[in-house]
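This report refers to the structure that appears directly beneath it.
The values are calculated or read from the model by the stated rules, or taken from the named source; none is laboratory data. Remember, it's a predicted structure, so these values are computed and weren't measured experimentally. Neighbour counts are summed over all protein chains in view; Cβ atoms, including those assigned to glycine, are modelled from backbone coordinates with ideal geometry. Ligands, DNA and RNA are stripped out before the accessible areas are found, and what is left, the full protein with its side chains, is counted by its heavy atoms. Shrake-Rupley method; radii C 1.70, N 1.55, O 1.52, S 1.80 Å.
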Amino acid sequence: MERTLVIVKPDGVQRGLTGEVIRRLEQRGLKVIALKMLHVSRELAERHYAVHKGKPFYEPLIEYITSSPVVVMVVEGKAAIRVVRKTVGATNPADAEPGTIRADYALEIGRNIVHASDAPETAEAEIAIWFRAEELCPYERSLDTWIYEG
Ligand code: IDP
Ligand code: MG
């Protein structure tokens, strides 16, 4: 089982797409094990996007993510990191495959609705940035036998 961090960014929340994002992930069989809404501080945004510091889009990116509340969650499942990235689609919605969240709901790279961790190391680090250990709510799901072969 893997865990990954998903953020419905300010544009997703403002446009009423929070439920749609969660629905698509749950519908695939993934399990939400932590969820909260918050206004992102500059400090939190800078920690989350530290890897992009110095890039031309860094300042607009920090402004974007701090501009209005986000909904952030931890999603669990087999190969969850890859599966969620595929469900979200390419970073630039113009290049995203139809059927992905970014293709179906966005047009521009700077308003691409969702964040999702891109690798096991970043997923672990990002979950620790956004959630305290006691905020995670792992639970058994009897349905899993109909989602996973074993
Ligand atoms: P990702 O969100 O698909 O992992 P990253 O390359 O990690 O993509 O970039 C983080 C975020 O920064 C993107 O989701 C997007 O919002 C923004 N971003 C990335 N590249 C650009 C760009 O060239 N122009 C404007 N915004 C960008
Ligand atoms: Mg990224």
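Considering 62, 109, 127, the condition of being β-branched (Val, Ile, Thr), within 16 Å of ligand 2 (Cβ to nearest atom), under 18 Å from residue 36 (Cβ atoms) and surrounded by 13 or more Cβ atoms within 10 Å (Cβ to Cβ) is satisfied by 127 alone.
Residues checked against (1) within 24 Å of residue 104 (Cα to Cα); (2) β-branched (Val, Ile, Thr):
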residue	(1), (2)
15	yes, no
20	yes, no
24	yes, no
55	no, no
72	yes, yes
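Does the stretch 1-17 contain at least one residue that is buried (at least 19 other Cβ atoms within 10 Å of the Cβ), at pLDDT 95 or above and among the polar types (S, T, N, Q)? Yes, because at least one residue in the stretch 1-17 is buried (at least 19 other Cβ atoms within 10 Å of the Cβ), at pLDDT 95 or above and among the polar types (S, T, N, Q). Once the stretch 106-127 is narrowed to residues that are part of a loop (DSSP other than H, G, I, E, B) and either under 15 Å from the mean Cα position of the chain (by Cα) or aliphatic (A, V, I, L, M) (or both), the residue that is farthest from ligand 1 (Cβ to nearest atom) is 107. Only one of the numbered conditions (1) within 14 Å of ligand 1 (Cβ to nearest atom); (2) assigned to a helix (DSSP H, G or I) is violated by residue 56, and that is (2).
Whenever a residue of the stretch 42-64 is farther than 20 Å from residue 117 by Cβ, its partners that are within 11 Å of ligand 1 (Cβ to nearest atom), lying with C-beta atoms within less than 8 angstrom and at least six residues away or across chains, give the pairs 42/62; 60/110. Each residue in the stretch 27-46 was checked for being of a type in the set (A, V, I, L, M), assigned to a strand (DSSP E or B) and either open to solvent by 50 Å² or more (accessible area, probe 1.4 Å) or farther than 22 Å from residue 83 by Cα (or both), and 3 of them qualify. Taken over the stretch 74-105, the criterion of being away from ligand 2 (no atom under 15 Å from the Cβ), outside any helix (DSSP H, G or I) and buried (at least 21 other Cβ atoms within 10 Å of the Cβ) is satisfied by 74, 75, 77. For residue 49, the test of being within 9 Å of ligand 1 (Cβ to nearest atom), closer than 23 Å to residue 15 by Cβ, hydroxyl-bearing (Ser, Thr, Tyr) and buried (at least 16 other Cβ atoms within 10 Å of the Cβ) is passed.
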